[in-house]
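Notes to accompany the following structure.
The values are calculated or read from the model by the stated rules, or taken from the named source; none is laboratory data. Note that the coordinates shown come from a computational prediction; the quantities given were computed from them, not determined experimentally. Cβ: placed from backbone, ideal geometry, glycine included. Neighbour counts: every protein chain shown.
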Amino acid sequence: AYGEMIGAVFSQHPWGPKETVLIKVEDPDHALAKGVFEANAFKFNDEIYEFREPYDRNRLHVILSLDLAQSDKPNRSLRRTDGDYPIAWTRSHGQGRVFYCSLGHATSIFAEPKILEFWLRGIQFAAGDIDAVTAPSTQ
């Protein structure tokens, strides 16, 4: 039930907080990202998740994702064969709204104003205070 609501289930974390990854802002005009991220990508150190079913881009709107080619090598074998590593998304579920962001394992992230603003907007979106796109990224 939880995975269906969120839109994905944790599989593993191939990147730990010591690896540097490039995070792509896939939708810079999304209400949660607009004006928060000054570029379409940024480098970061944090634990990055790999997701399994029910994850499917056809069911959610990806805002942030991992740029696999521009990131440090993972510290364990990858299971996904499609190279799709979402980090944050929105989606509709029943009559509710879902905001998910996997960032937050490295304590340094809590001193990053752009991430704190992004999370705040995500909470406001889930609470119904901000309207934002939930249409799947593939549409």
Q. Given the conditions (1) outside any strand (DSSP E or B); (2) surrounded by fewer than 16 Cβ atoms within 10 Å (Cβ to Cβ); (3) within 15 Å of the chain's Cα centre (by Cα), which single one is not true for Phe118?
A. (2)
**Q.** 3 or more residues within 22 Å of Arg76 (Cα to Cα) and either out of contact with any strand residue (DSSP E or B) (no Cβ under 9 Å at 6 or more places or on another chain) or not charged (D, E, K, R) (or both): qualifying strands (runs of 3 or more DSSP E) within segment 1-57
**A.** 9-15, 20-25, 48-52
Q) Within segment 76-98, is even one residue hydrophobic (A, V, I, L, M, F, W, C), over 18 Å from Asp27 (Cα atoms), in a strand (DSSP E or B) and at pLDDT 90 or above? A) no
Q: Filter segment 113-135 down to residues that are of a type in the set (Val, Ile, Thr) and in contact (Cβ under 8 Å) with a residue 40 or more places away in the chain and give me whichever is nearest to Arg57 (Cα to Cα).
A: Thr134
Q: Mind listing just one residue for me: the one in segment 64-75 that is out of contact with any Leu (no Cβ under 6 Å at 6 or more places or on another chain) and not in a helix (DSSP H, G or I) and, of those, modelled with the lowest pLDDT?
A: Asn75
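Okay, residues lined up against (1) farther than 18 Å from Glu112 by Cβ; (2) crowded, with 16+ Cβ neighbours inside 10 Å; (3) without any contact (Cβ under 8 Å) to a residue 24 or more places away in the chain:
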site: Glu19; (1), (2), (3): no, yes, no
site: Ile23; (1), (2), (3): no, yes, no
site: Asn40; (1), (2), (3): no, no, yes
site: Asn45; (1), (2), (3): no, yes, no
site: Ile48; (1), (2), (3): no, yes, no
site: Tyr55; (1), (2), (3): yes, yes, no
Q: Exactly one condition in (1) touching a Lys or Arg at 6+ places or on another chain (Cβ under 8 Å); (2) at positive phi is not met by Phe125; state its number.
A: (2)
Q. Can you tell me how many residues in segment 25-37 are over 13 Å from Pro86 (Cα atoms) and in contact (Cβ under 8 Å) with a residue 40 or more places away in the chain?
A. 6
**Q.** segment 70-106 - residue that is among the aliphatic types (A, V, I, L, M) and either within 17 Å of the chain's Cα centre (by Cα) or surrounded by 17 or more Cβ atoms within 10 Å (Cβ to Cβ) (or both) and, of those, farthest from Ile6 (Cα to Cα)
**A.** Ala106
Q) In this structure, is Phe110 touching a residue at least 60 places away in the same chain (Cβ under 8 Å), farther than 14 Å from Tyr55 by Cα, out of contact with any Asp or Glu (no Cβ under 6 Å at 6 or more places or on another chain) and outside any loop (DSSP other than H, G, I, E, B)? A) no
